[in-house]
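The structure under discussion appears below in the form of structure tokens.
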Amino acid sequence: MSMNQIDKFLSATANFNAEEILAWASTQFGSRIALASSFGAEDQVMTDMIASQNLPIAIFTLDTGRLPQETYDLIDATRQRYNLDIEVLFPDPADVEEMVRQCGVNCFRKSVELRKTCCNVRKVKPLGRRVNAKTLDAWVTGLRREQALMRSGAQAVQWDQANGLVKINPLVDWTDQQVWSYIRKHDVAYNALHDRGYPSIGCLPCTRAVKPGEHPRAGRWWWEQPEQKECGLHVVNGELVRKKTDSE
């Protein structure tokens, strides 16, 4: 897809709110669009928006095999509340076995490269199999600019070069306060860990509670530098989303 077409999509949705962006995307892409949910607060907001509008947007999630029990509980609760068929993707057992045999079960603590290898095996590759199955033209994410420095250049509609799909980010300009205001107003179910100091939740061994004054994503891969803290799912033109400098 040309960048000219992406610009047209951005122009068409420029004045839309999140619900309207989702409705537009559903009309634009029909059955060839899906929400990739990690069951974070943002994804729960969008699931509620999809269900309340009865939009035919499929929902899938990644079970890395190392998620907190609270996340599994939320998956079940969300299915029951909205009567949704949520597709669960798993890493290839052979890939996991080879990685653990070569590097150890907790290899992600040894180096940034090995941590990215683990993310690739448990998250990126399963996602790739789903989005590259020739059944999707677009995918929806809960990415927000405020979440991290590397995400500050994200747009509501963008081209995902790595996966060859249009990427829809309905909450891209939302603040954390807006997310939680929606959750409270609509009584949306959320991960119990959020109430225990976990604003951002990933795999159990790679997530800790944040301390007062810390960035919301400080608890993700906390042993790494901030500029290294991405799992590889969110890229633009083959590169991680990042903040542009004045010279660019």
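The numbers here are math on the coordinates, done by the rules we state, and not lab data. Since the structure is predicted, the reported quantities are computational estimates derived from the model, not experimental observations. Ideal geometry is used to build each Cβ from the backbone, glycine not excepted, and the neighbour counts take in all protein chains shown.
Of the listed peptides 112-121, 159-168, 91-100, what is their order by residue-averaged count of other C-beta atoms within 10 Å, with the highest listed first?
Output ranking for 112-121, 159-168, 91-100: 159-168, 112-121, 91-100.
Can you classify the chain as rounded, prolate or oblate using the Cα gyration tensor, where a ≥ b ≥ c are the square roots of its eigenvalues, rounded means a/c under 1.5, and otherwise it's prolate if a/b beats b/c and oblate if not?
In terms of gyration-tensor shape, rounded.
Quick check on the chain: helices-only [θ] at 222 nm, where DSSP H runs of length 4 and up contribute -39,500 (n - 2.57) each and the sum goes over total residues. Nearest 500, please.
Result for the chain: -10500 deg cm²/dmol, rounded to the nearest 500.
Please go through the residue pairs K8/K116; K123/K185; K8/K134; K125/K211; K167/K211 and name each one whose alpha carbons sit more than 30 Å apart in this structure.
Beyond 30 Å: K8/K116; K123/K185; K125/K211; K167/K211.
What value does the stretch 68-150 have for Rg/Rh, both radii from Cα atoms and Rh as Kirkwood defines it?
1.02
Assuming R0 = 41 Å, can you tell me the calculated FRET efficiency for the pair V105 and A51, based on Cβ-Cβ distance, to the nearest 0.05?
0.65
Calculate the dipole size of the stretch 3-236 relative to its Cα centre from +1 charges on Lys and Arg beta carbons and -1 charges on Asp and Glu beta carbons; express the result in debye to the nearest 20.
The dipole magnitude comes to about 520 debye.
Please go through the stretch 1-78 and write out the GluC sites (Glu not before Pro) that DSSP classes as loop and that have at most 11 other C-beta atoms within 10 Å. Please report the intermediate quantities before stating the final value.
Details: sites: E19, E20, E42, E70; in loops: none.
In loop regions of the stretch 1-78 (DSSP not H, G, I, E or B), there are no sparsely surrounded GluC sites (Glu not before Pro).
Give the order of L143, L84 when sorted by the count of other beta carbons within 10 angstrom, beginning with the fewest.
L84, L143
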